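Following: one structure in structure tokens, then a few remarks.
Derivation of every value follows stated rules applied to the coordinates shown; laboratory data play no part. Bear in mind that the values here come from a model prediction, so they are computed numbers and not experimental data. Ideal geometry is used to build each Cβ from the backbone, glycine not excepted, and the neighbour counts take in all protein chains shown.
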């Protein structure tokens, strides 16, 4: 069962929610840099983290699952948010250059189907970041915040799930080391700097970036037939001169997937 949109909005209006927003926004800037001229989708309940994206992006659209509810966003202009089934996003294929998912995967009834929709609307050269509660973190073990509901993930679990949806992980990071206690929210910056050095495995959130995989269709159970012309010997009557093309260099993977280790 998903958290209600009113509960999510109330959390991000609190001191602890504002600290969480600041830590995640910093990671987004580090990962994506300038999004000028790009089309961005924020999925789940990710509008608190879209503040830094909206001024520069060509378009930012918010999609919120029907079981969660939707709110009008942004508050200072025409509405850019929509209520949608999580397994049938109302967008054309390959529309968005960047997709950010927050509070979307943990409580999904069909996580693979959810990510397949992310794959469908992501442009071939696009990048998606999925943010989830980390299995080893304190935030997944308390129900006082929205990150304490649904299923948390380890790094290897999230990477495997993405690959099942044809999204290839290309990088990952952690955030939110401050304990989920309201009176400690003011120390979030100090915990973030110390935690990433001293106890990196105990971060509250896991952020994983992925790119879209596309595959050529291969015939099943058959061998592909290739037509080959009969070679013509050089010097035969009426034969054209023969020139040999240089060997093509082997293609190499440009992206190294993360190691499968929790």
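When its C-alpha radius of gyration is set against 2.2 N^0.38 Å (N residues), segment 1-128 gives a value of 0.99. With 21 Å as the cut-off, how large is the P(r) tail for segment 1-68, expressed as percent of Cα-Cα pairs? Summing the P(r) of segment 1-68 above 21 Å gives 28 percent of all pairs.
Using the Cβ-Cβ distance between residue 93 and residue 18 with R0 set to 30 Å, the FRET efficiency from 1/(1 + (r/R0)^6) comes to roughly 0.25. Here the residues 125, 154, ranked from fewest to most Cβ neighbours within 10 Å of their Cβ, fall in the order 125, 154. Neighbour counts of other Cβ atoms within 10 Å put 143, 160 in the fewest-to-most order 143, 160. The three principal axes of the Cα atoms in segment 5-212 give end-to-end lengths of 43, 39, 33 Å, sorted in falling order. Footprinting exposure proxy ranking of 129, 29, 99, fewest other C-beta atoms within 10 angstrom first, gives 29, 129, 99. Full extension from residue 36 to residue 213: what is 0.36 nm times the residue separation minus their Cα-Cα distance, to one decimal in nm? In short, 61.3 nm is gained. Normalised by 2.2 N^0.38 Å, where N counts its residues, the alpha-carbon radius of gyration of segment 121-166 equals 1.37. Put a dot 7 Å past the Cα of residue 78, heading toward its Cβ, do the same for residue 156, and the two dots end up 5.0 nm apart.
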